[in-house]
Each structure stands twice: as structure tokens, then as C-alpha cells.
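In what follows, a single structure is set out as C-alpha cells and then discussed.
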Amino acid sequence: MNNNENEDYNNNEEKPSFSLNHFWNQILWNGLGETFIKLGSVIVTLLLCGVVIVFASRYYLQKKETAETQTVETNVFSPMTDANLPYFSPGIPNNEKARLYDGVYRISENHTNLPAKARNQVQRYTVQENDTVIGISEQFNLKPSTILWGNPYTLSDDPHALLAGLEINILPVDGVYYEWHDGDGLNGVSDVFGVSPEDIIDFPANGLSRETIGDYSNPNIRPGTWLIIPGGSRAFVNWSAPLITRENPAVASIYGPGACQAVTDGPLGSGTFIWPTTETWISGYDYDEGTNHRAIDIAGSLGNSVFAADAGVVVYAGWNNHGYGNVVMIDHGNGWQTLYAHLDSYNVDCGYYVFKGDTIAALGTTGNSSGPHLHYEMRYNGVPVNPNNFY
């Protein structure tokens, strides 16, 4: 062996190897190999168990707890949150489903119609501000004519006589309220109102009986007794002006103190009409034969101008005794007459010639009137005509 080889050998002995093989060989030379293997196996087993426990605690147990919490909450608030039932109702279109816990659908309707209760007795009603015959009749499910016919002395068939604070009768059914007079007979009274005697006798509120009524021509009914004539009707009392012409204006004397003298000449109307005042909307009553209102009520303020609707001659200018207040009536000489009522004042007189558009009066609220307006009538040969057909 040379010096170099000895030097290398000595260097190898002084610098032992620290590799894994060397470390394992050292364990084996010391007789600890079997012990080391057993100890390593135990350590690895413990580490694996720890990993499994940590994984289970973080994921499996947490998910289980969350699921249990959701189950408890579901049991308390919504046992079947995902259930669907295929039922139909007016609130759900066909072929659509509603979830069970949403309940039964129902269309919201805030208005309720109370069924009309049957009445057998006459009811007293106090007229309120802005009440009308039509409004009251609708309130009690009656015809407007029944309101007038139920109060013959109070309203006298005049809808304008319905003033706030007035007490009126409300019949239980459509018909007429009639005061029995000495000498009346059931056959005659029933014929007048278009019913049978039995209709009057059998109506409970009248307190009559077939067994005790006696002879129909002289029944056991005390004079002054008010009877309900169910289903009855009669002609209205007409308080408006009669047919007044320039040739014969004297007939207006029964209408009031504004009658004129006869006139044989004067301007003739054209047969076309202008609107008779400044305002152009209906206020109060429109033309309605059911309420005995054969005119239109035109809105306005006190003192608004009133115009002649067509040329003609004034055949009445003055006060009306039947609730119209101050009235002007014009004969147009061609079969037409126009009437202007409830005037505050007028600036024409009997026999005046007027032309279309002339100012003849100021709008007012005289007579049976609940506020300023113009009561405007049109007549042809004395027959009322609806002004709405001409404007």
C-alpha cells in the first residue's frame, strides 16, 4: 500500500457516512432493529388515528349537527315546505300549482253587498244636504216615483221641494201612499192606482183583513187612514206652465201673477236654440220623467246671465205659485216655448220682443231651490221635450 492509499483509507475512517443506510446499519449492529420497527408502527398508527379523528370532527360531525338543526327548525315552522298540491281556484290560473302552506287562494274584494232587508212599515227619513229624489230612491231600493208618490202633501210631485231637514215617508215597496176619504170604495181606489182590492187588503202594513173588511163599496176603513198601495201608480201633478201662446197668454193666470196680454205679432224663432246661460254643465236634476222633472237644471252662480234661447215674445214674467220662483216664458211663434225658472231677477216684461242671445234675466235660487241653478224647459205645442236632444 502506498502513502496515497493509506491517506484515503484514513480519511474514510475519520468521516463516517450519515446516510439512512448507515443509520439503519448502526441500529441493526446494536440489536435494536426489531424494537425500532415496533415503535415506528405504533407511532404511525397513532398519527393515522389522529388524522381520522380531526377529519371526522371537522366535516362529518359538523354536517350532522347542521342537518339536525335544520330538521328541528323545519319541524317547528314548516313541516312540508316543498310540498305542492295541484288544486285550482279563481285566484290561480288553470294548470298552475300552489304550495300547500300558501293556503287557499281567494280574490280580495273589499266591497260587501248587504242583502236588502224586507220592510213592512213606512219609514221616516230626514233629508240631508245634496239629497235628490233619485239618490234617496237608490238608497232604499225604490223607484224615484215612489218617493214622490209616498209624500203627496210634502213634495206635491215636485222634486225641487226636497229640501234639507224635511222629513219624508219611505214606503217599504214601490207604490203609492194614499189617504182614505169618507165615501171611498175599494174598487174605485184600486182602479185609480191600477191594482186589485185584494192587493190593498193583503198588504201587512195596512192592517186590513178580508174577514173584517166588509162591503168593498163601503169598507171598514176609517177616513184619514193612510194605506200603502203596493205596485200602484198614478199620473204626476204637473206644476209647470200650461201651454201659453202670444195669442192667448191669459191661461197663465192660473200659473201665477205674471200673465200677459195677447200679442198678435212679434219676432218668430228659427227652430234652433243656443245654450241659455254661461255655465255648460248639469247640476241637480237632469231631464227625467220618472221624477216628474221634465227640464234640465244648469249649474251657475248667483247673478249669471240668462239668455233667450231663440227669438220670440215674452208671454209670462213674474212669480210662480208652485215652487218655480221667478219665471220667464217665451213663445217663439212656431209651436215652441222655452221656460226659465228660479231666476234671481229678470229684465223683461209681458209682451217684450226678444231675440236669440238677448239677456233676459239673472240666474238665481228662488222658489223651491236648494242652490243657484237655471231650471230650463222646452215645449213643443205644450208637450215637454228633452232639451238634451237639441244641444
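One residue alone among Leu155, Leu227 is of a type outside the set (Phe, Trp, Tyr), crowded, with 21+ Cβ neighbours inside 10 Å and at pLDDT 95 or above, and that residue is Leu227.
Among the residues making up segment 202-215, those that are in a loop (DSSP other than H, G, I, E, B) and surrounded by 15 or more Cβ atoms within 10 Å (Cβ to Cβ) are Phe203, Leu208, Ile213.
Can you confirm whether Ala309 is over 15 Å from Asn381 (Cα atoms), modelled with pLDDT of 95 or more, surrounded by 21 or more Cβ atoms within 10 Å (Cβ to Cβ) and of a type in the set (Gly, Ala, Ser)? Yes.
Please enumerate the residues belonging to segment 360-374 that are within 31 Å of the chain's Cα centre (by Cα) and within 11 Å of Asn326 (Cβ to Cβ).
Once the filter is applied, which keeps residues that are within 31 Å of the chain's Cα centre (by Cα) and within 11 Å of Asn326 (Cβ to Cβ), segment 360-374 yields Thr365, Ser369.
Within segment 289-303, track down each residue that is more than 24 Å from the chain's Cα centre (by Cα) and either farther than 22 Å from Gly175 by Cα or touching a residue at least 24 places away in the same chain (Cβ under 8 Å) (or both). If the condition is that a residue be more than 24 Å from the chain's Cα centre (by Cα) and either farther than 22 Å from Gly175 by Cα or touching a residue at least 24 places away in the same chain (Cβ under 8 Å) (or both), then Asn292, His293, Arg294, Ala295, Ile296, Ile298, Gly300, Ser301, Leu302, Gly303 are the ones that fit. If the condition is being hydrophobic (A, V, I, L, M, F, W, C) and crowded, with 22+ Cβ neighbours inside 10 Å, then segment 370-390 contributes Leu374, Met378.
The rows are residues; the columns are (1) at pLDDT below 80; (2) exposed (fewer than 10 other Cβ atoms within 10 Å of the Cβ).
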position	(1), (2)
Phe18	yes, yes
Phe23	yes, no
Ile27	yes, no
Gly50	no, no
Val54	yes, no
Ser57	yes, no
Tyr60	yes, no
Asn75	yes, yes
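Of all residues in segment 334-364, those being crowded, with 16+ Cβ neighbours inside 10 Å and farther than 14 Å from Ala311 by Cβ number 13.
Where strands (runs of 3 or more DSSP E) sit wholly within segment 298-359, those with at least 2 residues that are assigned by TED's automatic domain parsing to the domain that holds Leu374 and in contact with a Pro (Cβ under 8 Å, 6 or more places away or on another chain) occupy 305-307, 312-320, 336-343.
For Ile274, the criteria (1) at pLDDT below 95; (2) surrounded by fewer than 18 Cβ atoms within 10 Å (Cβ to Cβ); (3) under 30 Å from Tyr346 (Cβ atoms) hold in every case but one, which is (1). The listed residues are Ser137, Ser190, Ser156, Ser145, and the only one of them that is of a type in the set (Ser, Thr, Tyr) and farther than 23 Å from Ile296 by Cβ turns out to be Ser190. Going by the conditions given, is Gly357 touching a residue at least 12 places away in the same chain (Cβ under 8 Å) and within 42 Å of the chain's Cα centre (by Cα)? Yes. Considering every residue within segment 281-288, establish whether at least one is of a type outside the set (A, V, I, L, M), touching a residue at least 40 places away in the same chain (Cβ under 8 Å) and touching a Gly at 6+ places or on another chain (Cβ under 9 Å). Yes, segment 281-288 contains a residue that is of a type outside the set (A, V, I, L, M), touching a residue at least 40 places away in the same chain (Cβ under 8 Å) and touching a Gly at 6+ places or on another chain (Cβ under 9 Å).
A Cβ distance below 6 Å, combined with a sequence gap of six or more or placement on separate chains, defines the contacts here; from segment 19-31, residues that are without any contact (Cβ under 8 Å) to a residue 60 or more places away in the chain reach residues that are of a type outside the set (Gly, Ala, Ser) and assigned to a helix (DSSP H, G or I) in the pairs Ile27/Phe36.
Please determine, by comparing only the residues of segment 164-186 that are in contact with a Ser or Thr (Cβ under 6 Å, 6 or more places away or on another chain) and in a loop (DSSP other than H, G, I, E, B), which one is surrounded by the fewest Cβ atoms within 10 Å (Cβ to Cβ). Across segment 164-186, the extreme among qualifying residues is Gly185.
For segment 279-291, check the following and say yes or no: at least one residue is out of contact with any strand residue (DSSP E or B) (no Cβ under 8 Å at 6 or more places or on another chain) and surrounded by 21 or more Cβ atoms within 10 Å (Cβ to Cβ).
Looking through segment 279-291, at least one residue is out of contact with any strand residue (DSSP E or B) (no Cβ under 8 Å at 6 or more places or on another chain) and surrounded by 21 or more Cβ atoms within 10 Å (Cβ to Cβ).
The values are calculated or read from the model by the stated rules, or taken from the named source; none is laboratory data. All values derive from a computational prediction rather than experimental measurement. Note that each Cβ is placed from the backbone with ideal geometry, even for glycine, and that neighbours are counted across all protein chains shown.
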